[in-house]
Amino acid sequence: GYQSSHTAQNIPTLSVVHSYLALCWGNLEKPVEVDEDQEHDAGNGAISTKVVTEMLGHMAFVRTYHNFGQILVNLDLNVDDASDPKKVEQACLKVMRLFVQSHGIDNKRINTEYLKQFLTGEPLWFRYDRKVVRVPLPGIQALRTGKAFKPPPCEGPELDLFASLQKHRRTVIDFIRGQPTNVANEIFDGIMRIALGSENDSARLGGWNEVTPGVFQCGSYRIDVQTAEILSEQGSTSPVPESMSSFPDFETIFSREALQCTWLFQHEHRKWVEVLGALARSNSAAMTYELLEWDEPEPLRQGVGSPTIVLDPTLPADPTLPYGDPLNGFWYNGHEFTRPFRYYLTSEQRPAPPPPVPTEEWVVDILQPCLEVLFPKQQPMLYPLFMPAEPLQDGADRCLLLGLAGFTEVEEEENRIWATFKEVVVLRHRKVVHVYNLVSHGRRSYRQLVWTSDTRYTLHSMKPKYFDDPKVRKPVIRSSGTFDQRRESATSLVIKRQNPIVSGRETLLPSRLLQGLVPAALLDSHRFWQGEDSVIRGTPRDSRDEWFDYKIELMISFSEKSGWVATIARKDQSDFHRIDS
């Protein structure tokens, strides 16, 4: 029923339900019972504030979320067939072929795989005869993953809905114009709550004024009474694109709520929208959210903070390296990494590498045994690691090496999309090695722990490693994770918000981007946002949690004595530092 569909956010079924609710309220011929404090309704015997609010609210919901065009009818599908992703896909492909044929093109010469690319991405409308089908179909991606809802039992009464709106629009506008300001505000606030699917009665905007005939505005929102549309300063509203709402980060923040948005920008590599539905779901109208969807980055151009490779294809392969690779090194964070780490499988190198610099002997002692256990001669490491161009100073307790896995050793161009920059951090006093993948998120590079030689000195739990031969496992007996793990080359979704509590903009930092940098217990209990002042603020995921009912601030500072230092502070009763302070 309606309640279960609303709880599960089954938008196709909800659109049909709201369509019939709008018709029911629009077809009332007698006035609704009114309270004594609403005697102004009695002046118009056909409608009341309740009728206007419900009718326009339900219509606005349909205008926002319903994908017009009777899909089941145009695709010749019944309800059961519409639940089968294969049958839906076949029906869509059939319509596309008929469309091509109607324009005099032999559709037998068109490859099916070519047509399938239109089942995802930007919407297109295929029209043949008197039928119009929009692809991609709403929810077709969810159908393939088995997360889709069963289609509604019938189509929405689209023609009847518009006929009802055309019939009542003049009467409704005159009725609203005749109401006191506070009553008109209640009507429009009620329309917003219904259209946005909000159960929060405290979400009130107020201050609605008629700016053009039939169009009322409050702040950046507009309601066109004649068309039952909710607009914004950026244009008309539409549901959040399925490509954005399918991200796990979206579900983390908004659950499975059906939200609407307005488009702000659409660039070559980025789509940018402002979320409107979240406003009515919060008590603070100032808390606004924006979504930025980035396409897949190029393998060697991961974004801000990513290493830049020094690669000269004209150079001959270095015969002293077991990998025989012409990679010359990297530029990273203002430093040059151009000295190959030669102390791996030294017995296989001809001639043998020179002795290490005295200040770096401890690096070889810690890292070499780990590499030779993980990558023996039978399964060698196929990419080089590079040390800083300048030797370490005497007394250094940390060494950073860089590598690029999955690029120069891969011949097939299409397989290089998995190329992964790797940080290998060797700590002298702990005698431990940490390996971080540099992953791209929103064209920025983040460090993600994927392997450690000793789980006692890491902030993230990973799958432990087991070795059958006790002789070779000693250097990594406490190791966990996967040294050679590659990043996922995929699109990313960046979620930003304007937070009045800290008086500034924040960006969501998903827990996976802080893996190994912040204690895992805090990543499980808190959600982290980074402000424009670079301060990372954490709030409890569950406000009722008796163990983690406090806030967290993570600040990074630099001093000549200690270098870069991260400080995590617990904030019990006091509020966060404001960004503008």
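The values are calculated or read from the model by the stated rules, or taken from the named source; none is laboratory data. Not measured: the values here are computed from a predicted model. Every residue, glycine as well, gets a Cβ built from its backbone with ideal geometry; the counts of neighbours run over all protein chains shown. In case anyone asks, the SASA skips ligands and DNA or RNA and just uses the protein heavy atoms, side chains included. Shrake-Rupley method; radii C 1.70, N 1.55, O 1.52, S 1.80 Å.
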In square angstrom, what is the accessible area per residue of the stretch 362-464 with a 1.4 angstrom probe?
46
Give the relative contact order (percent, whole number) for the stretch 399-460; include only Cα pairs under 8 Å separated by 6+ residues.
24
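Please work out whether the stretch 493-581 counts as rounded, prolate or oblate from its C-alpha gyration tensor, where a ≥ b ≥ c are the square roots of the eigenvalues and a/c under 1.5 means rounded, while otherwise a/b larger than b/c means prolate and anything else oblate?
Working: a/c = 1.34, a/b = 1.15, b/c = 1.17.
Cα axes put the stretch 493-581 in the rounded bin.
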For residue 349 and residue 575, extending 7 Å from Cα along the Cα-Cβ vector and measuring point to point gives, in nm, a value of 5.9
Taking all pairs of distinct alpha-carbon atoms in the stretch 435-520, Kirkwood radius in angstrom
15.1
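Calculate the FRET efficiency for residue 477 and residue 287 from the Cβ-Cβ distance with a Förster distance of 56 Å, rounded to the nearest 0.05.
Numbers: r = 50 Å, r/R0 = 0.88.
That pair, residue 477 with residue 287, gives E of 0.70.
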Taking only C-alpha positions in the stretch 483-529, Rg and Dmax in angstrom work out to 13.6, 43
Residue pairs, from the table 431/561; 94/116; 86/116; 87/116, whose Cα atoms sit over 18 Å apart:
431/561
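Can you order the peptides 21-27, 354-360, 500-506 by their average number of other Cβ atoms within 10 Å per residue, highest first?
On the way: 21-27: 19.1, 354-360: 13.4, 500-506: 17.0.
The densest-packed peptide leads the list: 21-27, 500-506, 354-360.
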Relative contact order (%) - criterion: Cα under 8 Å, at least six apart; region: the stretch 433-581
18
On the accessible surface of the stretch 367-506, probed at 1.4 Å with all protein chains in place, carbon and sulfur together account for a percent value of 46
Run the 1.4 Å probe and let me know the accessible area of residue 287, rounded to the nearest 10 Å².
30
If R0 is 30 Å, what FRET efficiency do you get for residue 455 and residue 568 from their C-beta distance, rounded to 0.05?
0.90
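How long is the gain from residue 361 to residue 557 if the chain were fully straight, where each residue apart is worth 0.36 nm and the alpha carbon distance is subtracted? Don't skip to the answer; put the middle values down first.
Working: separation 196, 0.36 × 196 = 70.56 nm, distance 3.06 nm.
Using 0.36 nm per residue and subtracting the Cα-Cα distance, I get 67.5 nm.
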Could you sort 295-302, 509-516 so that the peptide with the highest average Cβ count within 10 Å comes first and the rest follow in order?
509-516, 295-302
